[in-house]
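Trainee: So that we are looking at the same thing, I have put the structure below in structure tokens.
The values are calculated or read from the model by the stated rules, or taken from the named source; none is laboratory data. None of these values were measured; they are calculated from a predicted model. Every residue, glycine as well, gets a Cβ built from its backbone with ideal geometry; the counts of neighbours run over all protein chains shown. Ligands, DNA and RNA are excluded from the accessible area calculation, which covers all protein heavy atoms including side chains. Shrake-Rupley method; radii C 1.70, N 1.55, O 1.52, S 1.80 Å.
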Amino acid sequence: MAVNVEIAVVLGRSTLPMQQLLRMGRGAVIPLDASVNEEVWILANNHPVARGEIQINDEKISIAVTRAADVYDYMAGAS
């Protein structure tokens, strides 16, 4: 009756050279390939299951599920 599922939300992706990644320190900013109102990926155990949008209410951030995920779009790096 109890199954653990890890849920993750992918806001965007970025490609960086290893040298640049190693030079990053606290407060470094990594640019993503996503825009402000773009849908996010919702993953269950690292498998895309849905798309959603970020909602901010007071000081809480949540994700509203908007549609099912297309696994092929996720693997292709679609945003």
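Trainee: How big is region 15-57 along each principal axis, measuring the range of its Cα positions in Å and listing the largest first?
Mentor: 34, 26, 17
Trainee: In debye, nearest 20: dipole of region 2-79 around its Cα centre with unit charges on the Cβ of K, R (+) and D, E (-)?
Mentor: Once rounded to the nearest 20, the dipole reads 300 debye.
Trainee: Just reorder M75, M24 by solvent-accessible area, largest first, 1.4 Å probe, all chains present.
Mentor: Descending accessible area places them as M75, M24.
Trainee: Oh, and also: Sort L43, L32 by heavy-atom solvent-accessible area, probe 1.4 angstrom, most to least.
Mentor: L32, L43
Trainee: Please name which of V3, A76, L21 has its Cα lying farthest along the dipole of the chain towards the positive end, using unit charges on Cβ (Lys, Arg +1; Asp, Glu -1) and the Cα centre as origin.
Mentor: Sorting the options by dipole projection puts first L21.
Trainee: So how long is each side of the chain along the principal axes, counting just the alpha-carbon atoms, biggest first, in Å?
Mentor: 44, 34, 28
Trainee: 222 nm [θ] for the chain, helices only, -39500 (n - 2.57) per DSSP H run of 4+, per residue, to 500?
Mentor: The per-residue figure over the chain is -3500 deg cm²/dmol.
Trainee: When the Karplus curve 6.51 cos²θ - 1.76 cosθ + 1.60 is applied with θ = phi - 60°, which whole-Hz ³J(HN,Hα) does each residue of region 23-40 get, with x for Gly and Pro?
Mentor: Per-residue couplings from phi come out as 7, 5, x, 4, x, 5, 10, 10, x, 10, 8, 10, 9, 4, 9, 7, 5, 9 Hz.
Trainee: Work out from phi, with θ = phi - 60° and the Karplus expression 6.51 cos²θ - 1.76 cosθ + 1.60, the ³J(HN,Hα) of each residue of region 53-70, listed in order in whole Hz, and give x for Gly and Pro.
Mentor: 10, 6, 10, 10, 10, 6, 10, 10, 9, 9, 10, 9, 6, 10, 5, 6, 7, 9
Trainee: Quick one: if the Förster radius is 22 Å, what FRET efficiency do E6 and V71 give, using the C-beta to C-beta distance and rounding to 0.05?
Mentor: 0.80
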